[in-house]
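In what follows, a single structure is set out as structure tokens and then discussed.
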């Protein structure tokens, strides 16, 4: 079985020098089985451009999500966009990019720079077909993507960066293509690549961009799965079943809770050891169990992990920290598809009236983590035992 | 080799196992016993209500303060050196 694909999206913008609003609009949306990215560059700059571009991306996204054919999308756009008082036309550019989990992709462009399609690290040629819809000439292409491929779309502010200044003719499509080839690799995120592109353009503009500049990036990579076992099942008779599911699950395996770790270790006929060097005054140390990627203590670590996730953390920053909660947060953030086996057995010791009330709140924290992860766009399955 | 094992499970953590570990770490170092006494952590020992729980070799002790830990270290480690 081949690993399913995941389409990771990232974007970055800078506004024309002196403007607060960016006249480019980029919308990324997820639908069952794929992702859609729409980029539009509005006519002019500032508020008017922003309105035109935003209308374009919102309308196109809605219609594409409903599976309407391109003709209808383009016609709706032409009919709906307000006419510019200065130029007497209703106009904005667009790039529509639809990528499905099975690797099939559809691309339609109108007056935007051609999308960069990187395969095995090199920009590869996209074969377009021209198509006239109404008065407009649209470029259309169908692609097949696989893990390791990138699709990068930019507004013309990117292509023109440095024009008449540092570079006579601007940054230029071919030069950006070469630049991209030096930047993309397995461990860089879509967001990082988008940021590098606009930062580089900003530098070429000497921090005074002559146009709104936007980069939208789709990184095609294998989907990352992770399974978390948190807490022992209420009914110990279910232990074997849950542990079996946990062990056989594809992807990274994480256990939270000392008793839970002991249950898994017993069935694996292995020992859990504790790495004292990861201990902090607030978070107990992490454990090691062969065959499991991470073992942490339960309630304190989970509560702290929730706090970390609420703080919209940077995964790169978390990598520098070794405590259990940072490591647990990292596992949640890294995965695209998360399965949580939440055991609700109550540790009698935790009901001790001398202990703080928060000891009983593990399930609640896990539920809160689940909501947060869903908001981040991750697939989360919660199974309660 | 003697082994001191401190429980770092949720309940024992709340009852101060972090301080106990730091105490034992220093105590072993101060007595220059790094080659004779090993300090380890373990997850839940199933005696949560009695914590913080530690093992010295195979014997269980329930400690509620660093002072108690100091007394145990004196009695069980320092006075039993060969």
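Below is a table of values for the structure above.
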{"read-out": "Any hit, the stretch B:23-40, residues being under 24 Å from residue A:256 (Cα atoms), within 13 Å of the chain's Cα centre (by Cα) and not in a helix (DSSP H, G or I)", "value": "yes"}
{"read-out": "Single condition residue B:24 does not satisfy, out of (1) surrounded by 15 or more Cβ atoms within 10 Å (Cβ to Cβ); (2) more than 12 Å from every other protein chain (Cβ to nearest Cβ)", "value": "(2)"}
{"read-out": "Residue in the stretch A:232-242 that is at pLDDT below 95, under 23 Å from the mean Cα position of the chain (by Cα) and away from chain B (no Cβ under 14 Å) present", "value": "no"}
{"read-out": "The one condition in (1) at pLDDT below 95; (2) more than 10 Å from chain B (Cβ to nearest Cβ) that residue A:292 fails to fulfil", "value": "(1)"}
{"read-out": "Residue A:312 being closer than 25 Å to residue B:39 by Cα, surrounded by fewer than 21 Cβ atoms within 10 Å (Cβ to Cβ), modelled with pLDDT under 95 and assigned by TED's automatic domain parsing to the domain that holds residue A:373", "value": "no"}
{"read-out": "Selection count, the stretch B:55-65, where residues are closer than 13 Å to residue B:5 by Cβ and either more than 9 Å from the chain's Cα centre (by Cα) or within 13 Å of chain A (Cβ to nearest Cβ) (or both)", "value": "5"}
{"read-out": "In the stretch B:27-54, residue surrounded by the fewest Cβ atoms within 10 Å (Cβ to Cβ) [restricted to those that are within 11 Å of chain A (Cβ to nearest Cβ) and out of contact with any strand residue (DSSP E or B) (no Cβ under 8 Å at 6 or more places or on another chain)]", "value": "B:46"}
{"read-out": "All positions within the stretch A:245-258 that are assigned to a loop (DSSP other than H, G, I, E, B) and either touching a residue at least 40 places away in the same chain (Cβ under 8 Å) or closer than 20 Å to residue A:345 by Cβ (or both)", "value": "A:249, A:251, A:257"}
{"read-out": "Checking residue A:144 against (1) within 23 Å of the chain's Cα centre (by Cα); (2) buried (at least 18 other Cβ atoms within 10 Å of the Cβ); (3) free of Cβ contacts under 8 Å to residues at least 60 places away in the same chain, the condition it does not meet", "value": "(2)"}
{"read-out": "Condition broken by residue A:163, with the remaining ones in (1) crowded, with 16+ Cβ neighbours inside 10 Å; (2) within 23 Å of residue A:199 (Cα to Cα); (3) modelled with pLDDT of 90 or more satisfied", "value": "(3)"}
{"read-out": "Those residues of the stretch A:17-33 which are touching a strand residue (DSSP E or B) at 6+ places or on another chain (Cβ under 8 Å) and either over 12 Å from residue A:61 (Cα atoms) or in a loop (DSSP other than H, G, I, E, B) (or both), in sequence order", "value": "A:22, A:23, A:24, A:33"}
{"read-out": "Scope the stretch B:1-21; condition outside any strand (DSSP E or B), more than 8 Å from chain A (Cβ to nearest Cβ) and either under 12 Å from the mean Cα position of the chain (by Cα) or more than 22 Å from residue A:348 (Cβ to Cβ) (or both); matching residues", "value": "B:1, B:12, B:16, B:19, B:20"}
{"read-out": "Residue satisfying all of: in the stretch A:268-285; part of a loop (DSSP other than H, G, I, E, B) and surrounded by fewer than 15 Cβ atoms within 10 Å (Cβ to Cβ); farthest from the other protein chains (Cβ to nearest Cβ) among these", "value": "A:269"}
{"read-out": "Count - residues of the stretch A:343-364 that are at pLDDT 85 or above and buried (at least 20 other Cβ atoms within 10 Å of the Cβ)", "value": "1"}
{"read-out": "Residue in the stretch B:71-82 that is facing another protein chain (nearest Cβ under 8 Å) and surrounded by 14 or more Cβ atoms within 10 Å (Cβ to Cβ) present", "value": "no"}
{"read-out": "Criterion (in contact (Cβ under 8 Å) with a residue 12 or more places away in the chain, under 15 Å from residue B:10 (Cβ atoms) and more than 10 Å from chain B (Cβ to nearest Cβ)) met by exactly one of A:329, A:261, A:325", "value": "A:325"}
{"read-out": "Only listed residue being buried (at least 19 other Cβ atoms within 10 Å of the Cβ) and either modelled with pLDDT of 90 or more or in the same structural domain as residue A:205 (by TED's automatic domain parsing) (or both), chosen from A:127, A:80, A:95, A:135", "value": "A:95"}
{"read-out": "Lone unmet requirement of (1) surrounded by fewer than 21 Cβ atoms within 10 Å (Cβ to Cβ); (2) away from every other protein chain (no Cβ under 13 Å); (3) under 20 Å from residue A:284 (Cα atoms) for residue B:68", "value": "(3)"}
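Conditions (1) more than 14 Å from every other protein chain (Cβ to nearest Cβ); (2) in contact with a helix residue (DSSP H, G or I) (Cβ under 7 Å, 6 or more places away or on another chain); (3) modelled with pLDDT under 95, marked per residue:
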site	(1), (2), (3)
A:212	yes, yes, yes
A:218	yes, yes, no
A:227	yes, yes, no
A:253	yes, yes, no
A:287	no, yes, no
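For every residue, the table says whether it meets (1) over 21 Å from residue A:173 (Cα atoms); (2) in a strand (DSSP E or B); (3) touching a strand residue (DSSP E or B) at 6+ places or on another chain (Cβ under 6 Å).
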{"position": "A:82", "(1), (2), (3)": "yes, no, no"}
{"position": "A:89", "(1), (2), (3)": "yes, no, no"}
{"position": "A:97", "(1), (2), (3)": "no, yes, yes"}
{"position": "A:112", "(1), (2), (3)": "no, no, yes"}
{"position": "A:118", "(1), (2), (3)": "no, yes, yes"}
{"position": "A:139", "(1), (2), (3)": "no, yes, yes"}
{"position": "A:157", "(1), (2), (3)": "no, no, yes"}
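The values are calculated or read from the model by the stated rules, or taken from the named source; none is laboratory data. Note that the structure is a prediction, hence the values are computed from the model and not measured. Because the Cβ atoms are built from the backbone with ideal geometry, glycine has one as well, and the counts that use them run over all protein chains shown.
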